[in-house]
Structure formats: structure tokens, C-alpha cells
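Q: Handing you this structure, nothing more for now.
The values are calculated or read from the model by the stated rules, or taken from the named source; none is laboratory data. Since we're looking at a predicted model, the values are computed, not measured. With ideal geometry, Cβ positions are generated from the backbone for all residues, glycine too; neighbour counts draw on all protein chains shown. Areas reflect the complete protein model, heavy atoms only, side chains present, ligands, DNA and RNA absent. Shrake-Rupley method; radii C 1.70, N 1.55, O 1.52, S 1.80 Å.
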Amino acid sequence: MTGATKTARRNLRVSPDDDALFRRAAAVTGESVSEFLVESGRERAETVLADRTRFALDAQSWREFIAALDRPAELKPAVVELMRRSRPE
């Protein structure tokens with residue numbers, strides 16, 4: 001994504017302490033503040049979204065997961081009772 005043409009703008013306000021922190025971190029990494037913030041934001045966004053869309057399992061956990069999916073559904077009396085009730089108005 002870093003090679004894509006950059007046409008969208010984001011303007012943000014930060015506290016002086018955050019600004020100083022971003023500038024120090026960018027300097028240490030040899031990046032501009034914009035590069036640092038974009039890369040950091042991208043990494044955080046990918047992590048947040050991955051946590052909600054993907055998960056990784058070791059081989060044993062994967063087998064257990066597949067077995068659980070393959071098991072027939074189990075009727076829970078409390079859920080059946082709840083579904084039989086009329087909807088509140």
C-alpha cells in the first residue's frame with residue numbers, strides 16, 4: 001500500500017506532548033512525522049481488523065474447532081422457550 005498514490009488528506013489535532021512524542025519517534029526511525037503516523041496507523045488498523053476477521057490455530061486446536069462445527073446443534077431448553085415467546089410490543 002505504501003506505493004499507492006496519496007490523494008486523501010487527514011488533518012488532526014494533537015496535544016503538544018503527543019506531537020513531541022511523534023516527532024521523536026519519527027526521528028528515531030528516520031521517517032517524516034507523516035510517514036511515521038501513516039505507517040503506525042496502518043499497522044494498528046490492520047491489527048484491529050485482523051482480530052475481528054481472522055484467527056490462527058495450531059493443528060490440534062484446528063481439529064477440535066472443525067469437530068465442534070461438525071457436531072449437530074444441541075437444543076437448549078431455555079433458548080427454545082425464549083424463541084417460543086411472542087415478541088414484546
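Q: Please specify each residue of region 3-29 satisfying the condition of being part of a loop (DSSP other than H, G, I, E, B) and open to solvent by 70 Å² or more (accessible area, probe 1.4 Å).
A: G3, T5, K6, T7, A8, R9, R10, N11, L12, R13
Q: Please specify each residue of region 48-71 satisfying the condition of being of a type in the set (S, T, Y) and surrounded by 10 or more Cβ atoms within 10 Å (Cβ to Cβ).
A: S61, the sole residue that qualifies.
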